[in-house]
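Undergrad: Here it is, the structure, as structure tokens.
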């Protein structure tokens, strides 16, 4: 179903859920008649017929079920975490997706750790990101390009900014620096200690581990100041469930689990 583009509404009038994380407070001035009319019409737009990127899904505790507007067409999806989902309707039904521009913590088990966080605590944040992502119908685009796992690459810029601002994601660029809008959202989330940054902001976050016995040993990290990628090649063979730390006391750690055992025949460290 194709939907028309609704009149844009100031973001502080339609705060993203949860509003306590994302609400922005406008500068207080005496209300003039024109401003009153503008506020009323904006509130109608928020509750009446919002555009695809502004609609809220209820209930938000939806076990990842939601919808997006892809290239102008609304389609049903189910989020597996905050940066990936599968299409449940439309021409891409059954296909997996990887969102570009940002990264959420892994939700297959308690594998991340930094600062004063325990792995279990960060896993709690990772587990809720899918329902936060599913709480809105985001406006997204895709050109047909796929990643190394065969997933369709999809760009949902509003989702990236909102999830980063809420501390449920961090900026992540495959090369170079992340866009300024995402870096600013991340800086604000870190400064206000939202989500994953509540108990510390490391210099880097480990996003993937690859043992040498897989064929090529390398660890992927991301600079939390600007979202730029950092790859360290190595010849180390990791044991399953081994914790690998990068960056010393100001870095972060991740538990190594091969992809084939993250969802089936799961080791004890993921149970």
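Undergrad: For residues that are under 16 Å from residue 125 (Cα atoms) and surrounded by fewer than 24 Cβ atoms within 10 Å (Cβ to Cβ), tally how many sit in the stretch 87-111.
TA: Adding up the residues that qualify gives 5.
Undergrad: Does the stretch 138-147 contain at least one residue that is over 19 Å from residue 66 (Cα atoms) and assigned to a helix (DSSP H, G or I)?
TA: Looking for residues that are over 19 Å from residue 66 (Cα atoms) and assigned to a helix (DSSP H, G or I), one finds none in the stretch 138-147, hence no.
Undergrad: Of 184, 188, which residue is surrounded by fewer than 19 Cβ atoms within 10 Å (Cβ to Cβ), over 10 Å from residue 102 (Cα atoms) and touching a helix residue (DSSP H, G or I) at 6+ places or on another chain (Cβ under 7 Å)?
TA: Going through 184, 188 in turn, just one is surrounded by fewer than 19 Cβ atoms within 10 Å (Cβ to Cβ), over 10 Å from residue 102 (Cα atoms) and touching a helix residue (DSSP H, G or I) at 6+ places or on another chain (Cβ under 7 Å): 188.
Undergrad: Quick check on the stretch 251-259. Is at least one of its residues touching a strand residue (DSSP E or B) at 6+ places or on another chain (Cβ under 6 Å), in a loop (DSSP other than H, G, I, E, B) and at positive phi?
TA: No - not one qualifying residue is present in the stretch 251-259.
Undergrad: Just a yes or no: is a residue in the stretch 167-185 modelled with pLDDT under 95 and farther than 20 Å from residue 82 by Cβ?
TA: Yes, the stretch 167-185 has at least one match.
Undergrad: With respect to the numbered conditions (1) in contact with a helix residue (DSSP H, G or I) (Cβ under 7 Å, 6 or more places away or on another chain); (2) part of a strand (DSSP E or B); (3) crowded, with 19+ Cβ neighbours inside 10 Å, which one is the sole condition not fulfilled by residue 74?
TA: (3)
Undergrad: Return a yes/no flag: does the stretch 186-193 have any residue that is part of a strand (DSSP E or B) and at negative phi.
TA: No, the stretch 186-193 contains no residue that is part of a strand (DSSP E or B) and at negative phi.
Undergrad: Follow-up. Taking residue 82, is it under 12 Å from the mean Cα position of the chain (by Cα), closer than 26 Å to residue 180 by Cβ and at pLDDT below 95?
TA: Yes; evaluated as a whole, the condition is true for this residue.
Undergrad: Sticking with this one: Of all residues being part of a loop (DSSP other than H, G, I, E, B) and in contact (Cβ under 8 Å) with a residue 12 or more places away in the chain in the stretch 206-224, which is surrounded by the fewest Cβ atoms within 10 Å (Cβ to Cβ)? Just the residue, please.
TA: 216
Undergrad: I've got another one for you. Hey, could you check the stretch 126-136 for residues that are in contact (Cβ under 8 Å) with a residue 60 or more places away in the chain and buried (at least 23 other Cβ atoms within 10 Å of the Cβ) and say which is farthest from residue 199 (Cα to Cα)?
TA: This residue is 136.
The values are calculated or read from the model by the stated rules, or taken from the named source; none is laboratory data. Here the structure is a predicted model, which is why all the values come from computation and not from measurement. Note that each Cβ is placed from the backbone with ideal geometry, even for glycine, and that neighbours are counted across all protein chains shown.
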